[in-house]
Amino acid sequence: MDKYRNEVIRFKETVKDGRFFCFDTETTGLSPEDDDIIQFSAIRYEEEEGRYKETGRLDTYINPGHPIPQEITEINGITNEMTQAAPTQTEAARMICEFLGENPILMGYNSVSFDEKFMKTLYRKTGSGDFSPSMHLDVIRMAREKCPKPHKLSDMAERAGLSEELRFHSSLDDAVATFGVFMYLLPMYDKEEPKDDLGGMRLTRISRWKKSDTLDRIYVGNSLNLPIYMDIPKGEWFIGANTDDSAVISAVHAFAGVSTD
């Protein structure tokens, strides 16, 4: 089942006739608390009649205020000389805030667990408020869902037929590649997935588990070991399969000998 499908569809609907930013960062290391951003890039796209049009770019090196480790330079090619005359962290944060605006809609690649954390630290350290995107689509989750390994951005860009001139570990080229991979994967979400055939599923038991007034569930055991339960306080079913929910619920009712929940 496409667990990220709803997020992708919600993103498409949200940016309709609107804008979003595809962004990426290069850093001095892997720790959002101990390391710093040394390059930030973002491309602004606006949706118009079903097409995404680029309408602006921000690409800047950032002076971290300390030497860049040699092993980092070997990865991304960014040297101390390249950042020496670059904006300070405070100056860069101001530029980024002006470009993105408040609560931007973002897209990145492995960016929820990495880049967003660095951005939050940058905003906090420079007194720039909170870095709080209103929506953040992580394209690597689309890649993991729709394509076999490997899922590195360079591998996915090659699969998508993107330009061989892209220089990965440059935040601007990585942002360009991320958008290209997004466009490659997006049509895969346009069609509703076929429903699983659960004709062989056999219900085995019904049990209730109550921990509190707000955590109270009825679990339905089954031969396929699918997570099926009803959240009693919410009055909602959770069925962990890409199937016809109404058919499963009807089967549960029949198994229990009742006509309603």
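The values are calculated or read from the model by the stated rules, or taken from the named source; none is laboratory data. It should be emphasised that the depicted structure is a prediction, and the values quoted were computed from it without experimental measurement. Every residue, glycine as well, gets a Cβ built from its backbone with ideal geometry; the counts of neighbours run over all protein chains shown. Please note that ligands, DNA and RNA were not included when accessible areas were found on the heavy atoms of the full protein model with its side chains. Shrake-Rupley method; radii C 1.70, N 1.55, O 1.52, S 1.80 Å.
If the requirement is being in a helix (DSSP H, G or I), over 14 Å from S41 (Cβ atoms) and free of Cβ contacts under 8 Å to residues at least 12 places away in the same chain, which of these qualifies: E116, E145, E158?
The conditions single out E158.
Take the conditions among the β-branched types (V, I, T) and open to solvent by less than 30 Å² (accessible area, probe 1.4 Å) and apply them to T90. Does it pass?
no
Say we look at the range 157-169 and pick out the residues that are among the small types (G, A, S) and within 20 Å of the chain's Cα centre (by Cα); which of these is nearest to S111 (Cα to Cα)?
Once the filter is applied, the top-ranked residue is A157.
For the range 40-62, give me each residue that is open to solvent by 10 Å² or more (accessible area, probe 1.4 Å) and within 17 Å of T73 (Cα to Cα).
T60, Y61 - these are the residues of the range 40-62 that are open to solvent by 10 Å² or more (accessible area, probe 1.4 Å) and within 17 Å of T73 (Cα to Cα).
Report, by residue number, each residue of the range 206-229 that is surrounded by 13 or more Cβ atoms within 10 Å (Cβ to Cβ) and either more than 30 Å from K191 (Cβ to Cβ) or in contact with a Pro (Cβ under 7 Å, 6 or more places away or on another chain) (or both).
Within the range 206-229, I206, D216, R217, I218, Y219, G221 meet the criteria.
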